[in-house]
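Notes follow once the structure below has been shown.
The values are calculated or read from the model by the stated rules, or taken from the named source; none is laboratory data. It should be emphasised that the depicted structure is a prediction, and the values quoted were computed from it without experimental measurement. A quick note on method: Cβ atoms are made from the backbone with ideal geometry, for glycine too, and the neighbour counts reach across all protein chains shown.
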Amino acid sequence: MIELFFITCLADAPDVCQPHSLLFEEQNGLFTCMLQGQNELARWVEAHPKDRVREWKCRVAGQDQRKT
C-alpha cells in the first residue's frame, strides 16, 4: 500500500500539529498518490476547516522516515 502522509496544524494555533495518512492501492499507488494527493488533501481540509496542511508526501505505507 502507498500512503499520502501529511501533517496538519491548527489555523489558530500553528504550533499544534498532528500527522495523518490516507492509503492508496498498490497498483499504480505511488503514481496515483502523486496525481490525486492534492485533491485528497483539499477534500480533507474542506472537512476539517480549522486545520491547515503544513507538509505532505507519498510513500510506502507504514514507512516512518523520522529518526528518534
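Observations on the model:
- ARG52 being surrounded by 15 or more Cβ atoms within 10 Å (Cβ to Cβ), charged (D, E, K, R) and touching a Cys at 6+ places or on another chain (Cβ under 7 Å): yes
- Of the residues making up the range 43-68, not one is modelled with pLDDT under 90 and under 11 Å from the mean Cα position of the chain (by Cα).
- Among the residues of the range 26-37, those that are on the phi < 0 side of the Ramachandran plot and either hydrophobic (A, V, I, L, M, F, W, C) or surrounded by 11 or more Cβ atoms within 10 Å (Cβ to Cβ) (or both) comprise GLU26, GLY29, LEU30, PHE31, THR32, CYS33, MET34, LEU35, GLN36, GLY37.
- Where LEU22 falls short, out of the listed (1) in contact (Cβ under 8 Å) with a residue 24 or more places away in the chain; (2) outside any helix (DSSP H, G or I); (3) surrounded by 11 or more Cβ atoms within 10 Å (Cβ to Cβ): (1)
- Check on GLU40, surrounded by 11 or more Cβ atoms within 10 Å (Cβ to Cβ) and either assigned to a loop (DSSP other than H, G, I, E, B) or modelled with pLDDT under 85 (or both): no
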